[in-house]
Amino acid sequence: MRQHRDPAGPASRVRDLWLLTVDERPRLAVALGLSASGAAVALCQPVVVNRIISALADGASVAPGLVWLLVGLMVTGAAITGTGDCVLAVLAERGALRVRRDYLASVLRLPMWWYTRHPVGDLVARSGSDVDTLKYALSSGFVDILGNGVLVVGATIALVVLDPLLTGVVLALVVASAAVVAVASPRIRRAVREAQDGVGRLGAAIQQSVTAMPIVRPYGGTAQAEARAAQAATGAYRAGVRAARMQAVVAPVSAVVAQGSMVALFLIGGWRVARGELTLADLLSFALFLSMLVTPATTVIGAVLGLQQALGSLDRVREVVDVPRAAGTDDDVAAPVRAGAVDLVLDDVGYRYPAATRTALEGVTLSIPAGSRVAVVGASGAGKSTLFALLLGHAVPCCGSIEARLPGEQTPHADLRHLVGYVDQSVHVMPGTVRENVTAGRPDTPDQVVWDALDRVGLRDTVERLPGRLDAEVGEGGAHLSGGERQRVAIARALAGERPVLLLDEPSSGLDQDSECRVLAAVDAVARGVTVVTVAHRRSTIRSADRVLVLAGGRLVADGTPAEVAHALPHDRFALPEV
Ligand SMILES: Nc1ncnc2c1ncn2[C@@H]1O[C@H](COP(=O)(O)OP(=O)(O)OP(=O)(O)O)[C@@H](O)[C@H]1O
Ligand SMILES: [Mg+2]
């Protein structure tokens, strides 16, 4: 069952971050150009100031043009900087949007087992705080490195030309600081990754507790839920502090480089000037170029640290984006809605959940002819829902095969997933309106069909009373509807879907007797040729089936008409008085 194993997490490299900017390169170039122009304009200002002061010192009048030039340079510099910042900010947002779109496209198409292994809150956190951390890298990070890298290289060449010995001393300091950054970087990245994992766990803890609130509160479980979330928050805090400490060690390194190079410059340079090996003018030029090296070098160090943080987050995003999409998730809308009646053929089907110690299904062989009314019976945990999960393609059998065949044919006809309408045992509504819930994946379904399906499950009156009627939102998890209404919305969806196979997992467990009769009659009335497989717990449903499958401990222990399998039914449950 290779598909169940979590692959080793991705180890992103800076190149992967750079590749994320592929659509934004022209904007990056503009931002870089603006940053260079801003620097050039800033460099001109001291020259003009120098001219003005020289003129004043000479007692000459200052040409108004020079003053206007200075004002112009300041305004232009500010405008260029502002524009550059804006371009970078937009770039960061565009990059984040692109990453989020890719993430969204993947997170909704993961194999089903993935969702059972990764809490929803963590999946949400990845699209939020992790992508936010990526923003800097996608914009300023590269501009800082590229723009300042050029300055560092240029200033270094000028320094080498002016004085190789002094340059050697300064470069030794820069290399030493780079070594400190190189050693600290992977640790910072690890700590940031752990902090983000902690944020993910916190999101998961909150989401799980809020979802379970209707039972958390009556049992006084709030403090327990809070402690669980607080534990995750503390984990994020500890990792965050570790990352901050590491950065606090690394950041002063650049200050040491700046101060150390100045000290070296004045000690060694002054000594060399005194010995006549260096002119004072060269020493001053050296100092000027040195300042043009140190500040950009500090920025580059900061940017490298920023990229390390981003790499930790990119790993978390890629853990989702790199997962191969589950089969059949890209063509939901194009799926054939009604492909004609089909036989279902299962041959020696088995399944074991990831990390489970025993199989949930084993050696299930059966054939269900098109148009059958089948009841699946078995004690809790017998494997009924698992059988449905395999028929739906939510899980892949670890052995055997499941096929949908045209009646009388021996070869698979179509992907079973597209032929099945389904009512889940516990999840009944999806986010959106009543209409969206009933039409699911077929937005062009006429309202008449929707109302008809609602009518058949006895929901027409309820929906007519809702504000917005078919456009009423069902709320988080269907919170605006009662439990039985949610279940009936799910059945209406299955009926309106007009698929040749209906799988109903305890479709009437939450309904009163009248509603149940109505719903089961509606299911019974669906067109001929439709196969209906129902997980049933009531004798009345079992009795009305053409065929009953009895599961026990994951095995098919009986298969026949209700009378034929009567001996195999779990009597403690089915010997109840008929309702
Ligand atoms: N995601 C899972 N991971 C591990 N084991 C699971 C998972 N889901 C179900 N199981 C186990 O597989 C077995 C079959 O479960 P299944 O949900 O198919 O039972 P069921 O017949 O539908 O029961 P019920 O009538 O209570 O709904 C059970 O032992 C259950 O504990
Ligand atoms: Mg079940």
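The values are calculated or read from the model by the stated rules, or taken from the named source; none is laboratory data. Remember, it's a predicted structure, so these values are computed and weren't measured experimentally. Note that each Cβ is placed from the backbone with ideal geometry, even for glycine, and that neighbours are counted across all protein chains shown. Side chains are part of the model used for accessible areas, which takes the heavy atoms of the whole protein and leaves out ligands, DNA and RNA. Shrake-Rupley method; radii C 1.70, N 1.55, O 1.52, S 1.80 Å.
One table, with the values for the structure above:
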read-out: Elements of type strands (runs of 3 or more DSSP E) contained in the stretch 357-410, each with 3 or more residues being in contact (Cβ under 8 Å) with a residue 40 or more places away in the chain and within 16 Å of ligand 2 (Cβ to nearest atom); value: 373-378
read-out: Residues satisfying the stated conditions in the stretch 355-379, i.e. open to solvent by less than 30 Å² (accessible area, probe 1.4 Å) and within 8 Å of ligand 1 (Cβ to nearest atom); value: ALA360, LEU361, GLY378
read-out: Count of residues meeting criterion [within 16 Å of ligand 1 (Cβ to nearest atom), assigned to a loop (DSSP other than H, G, I, E, B) and of a type in the set (Asp, Glu)] in the stretch 490-536; value: 1
read-out: Filter result for ARG417 (among the basic types (Lys, Arg), more than 13 Å from ligand 1 (Cβ to nearest atom) and open to solvent by 30 Å² or more (accessible area, probe 1.4 Å)); value: yes
read-out: Given (1) open to solvent by 10 Å² or more (accessible area, probe 1.4 Å); (2) within 16 Å of ligand 2 (Cβ to nearest atom); (3) at pLDDT 90 or above; (4) not basic (Lys, Arg), index of the condition ASP348 fails; value: (2)
read-out: Among (1) within 14 Å of ligand 2 (Cβ to nearest atom); (2) of a type in the set (Val, Ile, Thr); (3) touching a strand residue (DSSP E or B) at 6+ places or on another chain (Cβ under 9 Å) - the single one VAL427 does not satisfy; value: (3)
read-out: LEU70, sole failed condition from (1) exposed (fewer than 14 other Cβ atoms within 10 Å of the Cβ); (2) more than 23 Å from the chain's Cα centre (by Cα); (3) of a type in the set (A, V, I, L, M); value: (1)
read-out: Residue check, GLU498 modelled with pLDDT of 80 or more, within 18 Å of MET430 (Cβ to Cβ), surrounded by fewer than 20 Cβ atoms within 10 Å (Cβ to Cβ) and acidic (Asp, Glu); value: no
read-out: Candidates GLY510, GLY553 - the one that is open to solvent by 30 Å² or more (accessible area, probe 1.4 Å), within 16 Å of ligand 2 (Cβ to nearest atom) and more than 18 Å from GLY378 (Cβ to Cβ); value: GLY510
read-out: Flag for GLY203 being on the phi > 0 side of the Ramachandran plot and either open to solvent by less than 70 Å² (accessible area, probe 1.4 Å) or of a type in the set (Asp, Glu) (or both); value: no
read-out: Helices (runs of 4 or more DSSP H) contained entirely in the stretch 82-177, each with at least 1 residues that are open to solvent by 20 Å² or more (accessible area, probe 1.4 Å) and of a type in the set (Ser, Thr, Tyr); value: 112-117, 131-136, 142-162
